[in-house]
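Structure first, commentary second.
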Amino acid sequence: TGEKPDWTHAPVAFEARGITDQNNYVRDISFQVRQGEIVGFSGLVGAGRTELMRAIFHVDPRSGGQVLIDGQEITGRRIKASVAAGLGFVPEDRKTEGLIQELSVLKNVGLAKLAARGGAVLNRRAEEADCNEMVRRMEIKTANIDLLVKNLSGGNQQKVIIGRWLLTKPEILLLDEPTRGIDVGAKYEIYQLIIDLAKEGKGVIMVS
């Protein structure tokens, strides 16, 4: 219909309170995201956007602050606790931080779900079912799921990363420059996916 969704009265899905990273580069950042809301962060290179996302997901240590999902603070072992609580994170540099280039599409798609299970090995049939589901949903163009991910185009590599997180059914998805260096068609598909996630009641935090 083209109407803007009304999330203004929706419950708060995510809250950051006083986030400060270990290097004090990000200092005392607080904000909320409601169910179905897309929150954007923009700024010049070096403004601290990426550092904030990494501190929220606990890729980098924090010296202060809290992260809450549905009112419950995320505690425990860093990244594993973030994933278990319902956070997903698509990093800025997909080639070195988002993907393991020498692994297949299948293995790369399954990484986040593997982390959420505490490293418990999935059986091949379950991995294939998950991967094929994401290949269909994300319209990933690959000859087969055993192809090394380094052989995919930039847009399809990004879809692999996003599909990986969708398998964990996140409540909040952090996206750091999700359309950098990909073609126009893939950009459109990723933007549409972000809109669809918001319509499902997910919260999206996007750096651009």
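The values are calculated or read from the model by the stated rules, or taken from the named source; none is laboratory data. On a predicted model such as this, the values are computed, not experimentally measured, just so you know. Using ideal geometry, Cβ is built from the backbone for each residue, glycine included, and neighbour counts are taken over all protein chains shown. For the accessible areas, the whole protein counts, side chains as well, though only heavy atoms, and no ligand, DNA or RNA atoms are used. Shrake-Rupley method; radii C 1.70, N 1.55, O 1.52, S 1.80 Å.
Per-structure values
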{"item": "Å² of accessible area per residue within the chain, as computed with a 1.4 Å probe and no ligands counted", "result": "51"}
{"item": "Contour minus Cα-Cα distance for I79 and R137 (0.36 nm per residue)", "result": "18.3 nm"}
{"item": "Alpha carbon convex hull of the range 41-156, volume per residue in cubic angstrom", "result": "142"}
{"item": "For the chain: Kirkwood Rh in Å [reciprocal of mean 1/r, alpha carbons]", "result": "17.5"}
{"item": "Qualifying trypsin sites (Lys or Arg not before Pro) in the range 147-199, DSSP loop, other Cβ atoms within 10 Å at most 15", "result": "R180"}
{"item": "Rounded to 10°, Cα long-axis angle of helix 154-166 versus longest principal axis of the chain", "result": "70"}
{"item": "DSSP-assigned coil residues among GluC sites (Glu not before Pro) in the range 53-123, each with at most 16 further Cβ atoms within 10 Å", "result": "E102"}
{"item": "Value in Å of the Kirkwood radius, where the range 96-195 supplies the Cα pairs that are averaged", "result": "13.6"}
{"item": "Mean residue ellipticity (222 nm) of the chain, computed from DSSP H runs ≥ 4 via -39,500 (n - 2.57), nearest 500", "result": "-10500 deg cm²/dmol"}
{"item": "Inter-label distance, nm, simple model (7 Å from Cα along the C-beta direction), E128/D28", "result": "5.7"}
{"item": "Under 19 Å from K113, Cα to Cα: lysines that are on another chain or at least 8 residues apart", "result": "K80, K159, K169, K202"}
{"item": "Distance-filtered residues of the range 180-194 - backbone nitrogen under 14 Å, label point 7 angstrom along E97 Cα→Cβ", "result": "180"}
{"item": "Carbon and sulfur %, accessible surface of the range 58-199 computed with the full protein complex present, 1.4 Å", "result": "51"}
{"item": "Relative contact order of the chain, pairs being alpha-carbon contacts under 8 Å that are 6 or more residues apart, as %", "result": "26"}
{"item": "Kirkwood Rh, Cα atoms: Rg over Rh of the range 150-208", "result": "0.95"}
{"item": "The range 25-96 - Kirkwood radius from inverse mean 1/r over Cα pairs (Å)", "result": "13.4"}
